[in-house]
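Presented below is the structure to which this report refers.
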Amino acid sequence: MITLCEKAANECGSVCQPAQQIAWDFPDPVPSNRHATFALILKEIKERISLFTLVHQKETGRKPINYDPIAVFKAMADEFRLSALLLIRDQGPLCVCELTEAFDAPQPRVSRHLATLKDAGLLDTERRGQWIYYSLNLQIPPWLVRVLDETASQNGGLIEQALERLKDMSDRPAIRCG
């Protein structure tokens with residue numbers, strides 16, 4: 001529960017647990033009777049609610065991903081995304097700099113495609129030092145694991161050149177955690 005003034009916080013205090021309540025004490029905009037004052041208060045409320053929901057989502061974790069086959073196959077339908085997914089499946093967690101080198105592609109392009117795969121629930125991320133590593137999402141359903149396994153076993157050529165470039169990469173990130 002979010003209350004906007006001390007009076008409301010006191011009146012609503014018995015309704016919910018303290019951990020579920022946030023009390024913000026905004027000045028009453030009525031006395032000034034100016035549109036700008038109301039707009040400023042509404043803007044502050046909107047910003048605080050946005051921040052609250054962002055923090056709350058991080059505390060509660062993400063919602064379970066619905067692995068809709070159409071969305072999953074759309075995400076994998078691009079050759080670059082499929083190749084990147086197979087390379088990560090083969091090599092384990094990789095950072096963006098490794099993938100840009102492996103595919104000889106600009107960082108914005110790589111990041112955009114990785115975001116699509118992550119949004120589809122296929123990849124997870126983990127920050128290690130200054131790098132963000134992408135790995136296969138461990139929550140993917142068994143049917144999708146079978147699809148990836150079969151695709152990888154029958155299409156090694158999709159990542160052959162990327163594997164060579166990755167092997168030849170001299171300045172790979174030093175932080176390698178399993």
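Just a few scattered comments:
- Checking residue 120 against (1) free of Cβ contacts under 8 Å to residues at least 40 places away in the same chain; (2) more than 19 Å from residue 158 (Cα to Cα), the condition it does not meet: (1)
- Some residue of segment 72-92 being surrounded by 15 or more Cβ atoms within 10 Å (Cβ to Cβ) and modelled with pLDDT under 80: no
- Some residue of segment 134-143 being surrounded by 17 or more Cβ atoms within 10 Å (Cβ to Cβ) and of a type in the set (S, T, N, Q): yes
- So residue 137, is it in contact with a strand residue (DSSP E or B) (Cβ under 9 Å, 6 or more places away or on another chain) and closer than 26 Å to residue 73 by Cα: yes
- Residue match in segment 2-25 (condition: at pLDDT 65 or above, basic (Lys, Arg) and outside any loop (DSSP other than H, G, I, E, B)): yes
The values are calculated or read from the model by the stated rules, or taken from the named source; none is laboratory data. In this text the structure is predicted, and so the values were computed from the model without any measurement. So basically every Cβ, Gly included, is an ideal-geometry build from the backbone, and we count neighbours across all protein chains shown.
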